[in-house]
Amino acid sequence: MAVTGQRGRHVARRRWAGPLRITALVAAVVLLALAIGGYAYARTTSGQLLHGVEVAGVDVSGMTRPQAMQAVQRAVTAELSRSITVQAAGKTWTTSPAQLGVTADVAGAVDEAFAASDAAWPVLAFDRLTHRSLGASIDVAYTYPTDQAAALVATIAKSVNRSPRSASMGLTGDDLTIVHPHDGRAVKVSTGETMLVSAMKDGTSSVTIPVRTVRPKITAKNLGKTITVDVSTNTLHLYNGFKVERAFPVATAMQGFTTPIGQWKVIVKEASPSWTNPAPNGWAKDMPKYIPPGPGNPLGLRALALNSPGILIHGTPEESSIGSYASHGCIRMHEADAIALFPLVPQGTPVIIYGAPPWGNSSSTAPAGF
């Protein structure tokens, strides 16, 4: 009976062996089919990006390379075409990153996206079949040259910059000209270039380039003293800046002589001047060759010599001549006025003689005297 029982168990094992082999064979066939199918699927979709891939903020999931290039290029073109408003000193310019020379490496970003989607075919098949998100976000690399930004800022500076104008007093023809000062302005070029490049990088839509104020070297406050002599009215004014400090009547050249129109300066100050005859063989032939300082001196008690040869602003003992055309070219003053003016006028003070006598300006070859 023991022998019979053993034979029975052996028979039972054989009875189960057949179905197990069949099941294993079926499973192997199924797995092989799945593998072949997965491999084939992976091969047929190998030119497409996995799900969950973004380039420059654009979802390129499942796209082929041409499709991804086109989609990303649209986004990049919009970025490069966006308007940037530039202002300086109330003026406005409009530009864009593309106009400023910015470029984008779209191809490089798409290549990176495909590299991120590359894996063994079983993984690719699984990811594609299950739509598992890769979660890859790729930025496009931009190049920001500075040449175009510098050129735009240079153009802006050319339009905006203004030289300061100093205060001055001078002549236009025979007329006195008073030029009031004004500030200049200058674009801060280096700062402007930096701001433009930053606007390209961070998406800023407007830039205000700073402009500095350029002060004139000479203002009304530091213009200093100026003497003006109006030959048409025989009036002398002493200006401090643009403010008239004193005004005096004077005598200027008689007909046949000239008080010279022009811009001159005081080169010598003489208290109690002496007089040397300038024309002993001409109009002054009946006068002494030399008259010492004193009350009867033709130059009076004070004299300011100009850098116009022979021309002085001086006092005179001929008080009645003041206000008329009576000198040989010099500017005569009342003695008291010449004494009052003398300490108010530093050496080097500008003297502007302008206007014309009733008969008009004419030159004279005769030397001036008093």
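Laboratory data are not the source of any read-out in this text; all were calculated from the coordinates shown. The structure displayed is predicted, hence computed values, not measured ones. When we count neighbours, we look across all protein chains shown, and the Cβ atoms used for this are built from the backbone with ideal geometry, even at glycine.
Per-residue counts of other Cβ atoms within 10 Å, averaged by peptide: what ranking do you get for 300-310, 98-108, highest first?
Numbers: 300-310: 20.6, 98-108: 16.8.
Most protected by this proxy first, the peptides run 300-310, 98-108.
Shown in residue order for the stretch 296-308 are the 3J(HN,Hα) couplings computed by the Karplus curve 6.51 cos²θ - 1.76 cosθ + 1.60 at θ = phi - 60°: x, 5, x, 8, x, 9, 9, 9, 10, 8, 9, 7, 8 Hz (x for Gly and Pro). Listed cross-link partners K91/K188; K217/K265; K217/K269 are compared with a 22 Å cut-off, the Cα-Cα value being larger for K217/K269.
Since only T258, W359, T226 are under comparison, the one whose Cα sits farthest along the positive direction of the charge dipole of the stretch 205-363, derived from C-beta charges on Lys, Arg, Asp and Glu, is T226. For K225, the amide hydrogen comes within under 5 Å of the amide hydrogens of G241, counting only partners 5 or more places away or on other chains and with H modelled in the peptide plane. I'd like the distance between the alpha-carbon centres of the stretch 343-360 and the stretch 310-332, rounded to an integer number of Å. Going from one Cα centre to the other spans 13 Å.
Using a 10 Å cut-off on Cβ atoms, rank the peptides 220-226, 291-297, 313-319, 233-239 from the highest mean neighbour count down.
Details: 220-226: 16.0, 291-297: 13.4, 313-319: 21.6, 233-239: 18.6.
Ranking, from highest mean packing down: 313-319, 233-239, 220-226, 291-297.
Residues whose amide H lies under 5 Å from that of N307, counting only those 5 or more places away or on a different chain, are K265, I267; hydrogens are built 1.01 Å from N in the peptide plane. Sorting 324-334, 272-282 by average packing, meaning the other beta carbons within 10 Å per residue, from highest down gives 324-334, 272-282. Evaluating 6.51 cos²θ - 1.76 cosθ + 1.60 at θ = phi - 60° for every residue in the stretch 208-215, the Karplus couplings come out as 10, 7, x, 10, 8, 8, 10, 7 Hz, glycine and proline recorded as x.
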